[in-house]
Amino acid sequence: MKLYPLALVAAVIVSCQAGSPPASATQSGSGGGTRTLAVVVTATAGTPVVGADVCAFTVAGTQERCGETSAAGTARLGLRPGAYSVIVTPRAPTRLAVGRTWAEVVDADSTSVVRLDGHSTIKGIVKDEGGAAVVNAGVCAHPPSTTAPPTCARSAAEGKFSIDVHSDVYKLDVSGPPGGQLIPQWASGRLSSGEADLVDVRSADADGIAVTMVKGVLLTGVVRGPSGPLENAQVCVRTLAAPLPWDCERTKKNGSYLVLVEPGNYYMWTVPPDNTRLVAQWYPGVLEGVNTTDINMDRDRQIDVALDPGPQLRGRVTTTEGAPVTGAFVCVDTPFPTGRICRPTSSDGSYTVTTRPQTYTVQVLAPARSDLISEYWLGKRTWVDANEVSLGNADRTLDLTMRKGVRVTGVIRDTRGVPLEGATLNIDDDSGPLAATDTDISGTYSVVVPPGTYQIEVFAPFRGERGDLLSQPPRELAVKDFVRYDVVLEDANP
């Protein structure tokens with residue numbers, strides 16, 4: 001058998017995820033003689049994996065041949081011509097995951113390279129406030145990605161859970177069993193992913209993660225308009241106990257809603273669906289936030305809501321060249337913010353916002369991944385200097401124009417290489433703040449600004465575990481074309 005140096009072999013690099021068979025796949029066994037399939041197995045860093053079991057299966061699922069990787073990480077299988085599913089199982093004990101790929105062995109010997117990703121386990125236990133085990137709680141491990149799905153498991157006897165994941169960093173969100181009325185949380189005891197504890201299993205498994213779930217109370221009711229129950233209205237609540245964002249639930253087809261909250265005092269705001277001429281309303285039936293009354297959620301409560309019609313602000317959003325802008329959001333609020341309402345633009349750039357008669361500021365938020373600048377009406381930069389728009393009892397038309405700009409994007413990490421969610425960035429010019437944004441769960445930010453020279457500031461996220469990071473003072477940033485600006489925030493106590 002002739003051996004070929006790896007550098008001279010045309011190899012297909014595959015991940016550890018199973019794919020689909022090649023389009024030309026045929027039942028193995030067609031043709032005569034045997035061919036050699038060389039399977040080169042490496043770890044993520046490119047080092048050879050020794051002693052892994054490599055097995056080839058026919059399209060029908062029959063095991064054809066198995067072998068073991070050598071000191072060079074290579075297993076050689078003699079196979080009849082055909083298409084095969086190749087499964088690589090590393091030798092135990094290991095921190096490598098099983099790898100899979102498809103390979104074709106037809107007219108000549110062939111080679112496939114399989115990279116085994118790191119494998120780790122996250123273990124812990126879920127209990128309630130009384131120390132009793134919570135069985136059938138959902139526990140999901142979220143990687144630092146906006147596209148990769150979480151890996152989930154359910155707590156078993158004694159409330160214990162175990163999640164097999166790739167070796168990376170994760171945040172856990174925990175939800176109680178159906179009907180248990182336990183408050184969902186980001187472990188441990190956090191209300192948002194930005195505040196969640198980081199579980200780092202890049203080099204070792206994580207065990208002993210303890211989650212305590214708090215029993216909540218239910219706010220229920222039905223949202224109606226003049227024509228009957230409303231589907232897809234949003235019922236939003238916000239606690240008075242901490243400066244936290246609104247928590248919103250949408251109504252069902254019959255207009256009913258259910259909000260599970262921790263006992264305490266809350267504001268309530270009901271926002272109608274996009275396609276209705278109805279006005280948002282604060283509890284108890286008032287139109288302005290300054291007149292609202294908080295709700296004491298010391299027990300389950302039922303509050304029905306009846307929304308009334310109102311005037312509309314409508315128009316079209318276009319670029320400076322006159323092209324319609326689809327997927328933007330037109331947001332209105334009073335000059336002193338009392339309740340921001342945002343509505344999307346349609347395919348022709350048109351928008352409609354129903355609200356109460358009042359004086360407003362109007363902002364347009366650019367569609368995701370566009371090169372348009374988010375601004376207030378007439379190009380104003382903040383709500384403080386924004387032009388006011390008066391809306392009376394009659395509808396009003398207001399067309400809006402968006403300018404093109406240059407995108408600045410990057411990833412914010414700490415010195416361990418961990419992406420930082422909730423870091424904030426300010427971009428300032430000689431007149432002061434121009435734009436601001438924050439990072440998502442992958443540590444990524446993105447903002448569009450006009451070409452120019454700016455000062456960029458980066459502020460560390462305020463989070464218990466990583467609250468010891470230094471923010472980055474202002475630095476000059478020239479923006480002419482697309483800019484990639486990554487930042488590493490240093491430890492305050494290295």
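The values are calculated or read from the model by the stated rules, or taken from the named source; none is laboratory data. From a predicted model like this one, the values you see are computed outputs, not experimental measurements. In this analysis, Cβ positions are derived from the backbone assuming ideal geometry, glycine residues included, and neighbour counts consider all displayed protein chains. Ligands, DNA and RNA are stripped out before the accessible areas are found, and what is left, the full protein with its side chains, is counted by its heavy atoms. Shrake-Rupley method; radii C 1.70, N 1.55, O 1.52, S 1.80 Å.
Which of the trypsin sites (Lys or Arg not before Pro) across segment 254-308 are loop residues per DSSP, with 11 or fewer other Cβ within 10 Å? Qualifying residues, ordered by number: Arg299. Give, as a single signed number, the net charge of other residues whose beta carbon lies under 11 Å from the beta carbon of Leu260, with Lys and Arg counted +1 and Asp and Glu -1. So the environment of Leu260 carries a net charge of -3. Charging the Cβ of each Asp and Glu at -1 and of each Lys and Arg at +1, and nothing else, the dipole of segment 95-252 about its Cα centre rounds to 600 debye. Scanning residues 5 or more positions from Met213 or on other chains, those with amide H under 5 Å from its amide H are Lys127, Asp128, Glu129, with H placed 1.01 Å from N in the peptide plane. If you wrap the Cα atoms of segment 26-158 in a convex hull and average its projected area over all directions, you get 11.3 nm². When the Cα positions of Gly285, Val59, Ile373 are compared along the charge dipole of the chain, Val59 comes out farthest toward the positive end, with charges on each C-beta of Lys, Arg, Asp and Glu. Of Gly159, Ala210, Leu391, which is farthest towards the positive pole of the chain's charge dipole, taken about the Cα centre with +1 and -1 on the beta-carbons of Lys, Arg and Asp, Glu respectively? So the residue furthest toward the plus end is Gly159.
A 1.4 Å probe run over the protein chains yields, for segment 364-494, 52 Å² of accessible area per residue, whole-number rounding.
Working note: Karplus 6.51/-1.76/1.60 with θ = phi - 60° gives segment 217-233 the couplings 10, 9, 10, 10, x, 10, 9, 10, x, x, 9, x, x, 10, 8, 6, 6 Hz, where Gly and Pro are set to x. Summary value for segment 97-187: 27 percent relative contact order, contacts being C-alpha pairs under 8 angstrom separated by 6+ residues.
With the gyration tensor restricted to C-alpha atoms of the chain, the semi-axes of the equivalent ellipsoid amount to 50, 30, 25 Å, longest first.
Carbon-plus-sulfur accessible fraction, the chain (probe radius 1.4 Å, protein heavy atoms only): 51%.
In this structure the amide hydrogen of Lys160, modeled in the peptide plane, comes within under 5 Å of the amide hydrogens of Val126, none closer than 5 places in sequence on its chain. Using the Cβ-Cβ distance between Ala436 and Thr293 with R0 = 35 Å, the FRET efficiency computed as 1/(1 + (r/R0)^6) comes to roughly 0.60. Across the options Val222, Pro150, Val174, the greatest Cα extent toward the positive end of the charge dipole of segment 147-223 (unit charges at beta carbon of Lys, Arg, Asp, Glu) belongs to Val222.
Take the Cβ atoms of Ser471 and Asp385, set R0 to 25 Å, and the FRET efficiency comes out at 0.45. Tell me which residues come under 5 Å, amide H to amide H, from Asp308 once H is placed; ignore anything under 5 positions away on its chain. For Asp308, the qualifying residues are Val279.
Computed over the chain, relative contact order equals 8 percent, with contacts defined as Cα pairs under 8 Å that lie 6+ residues apart. In straight-distance terms, cross-link reach from Lys160 covers every one of the lysines whose alpha-carbon lies under 26 Å from its own, apart from those fewer than eight places away in the same chain; here that gives Lys123, Lys127, Lys171, Lys215. Placing +1 on each Lys and Arg Cβ and -1 on each Asp and Glu Cβ, with no other charges, gives segment 307-398 a dipole about its Cα centre of roughly 100 debye. If you look at the Cα atoms of segment 279-327, you get an Rg and a Dmax of 18.4, 56 Å. Eigenvalues of the alpha-carbon gyration tensor of segment 218-273, scaled by 5 and square-rooted, set the equivalent ellipsoid semi-axes at 22, 11, 8 angstrom, largest first.
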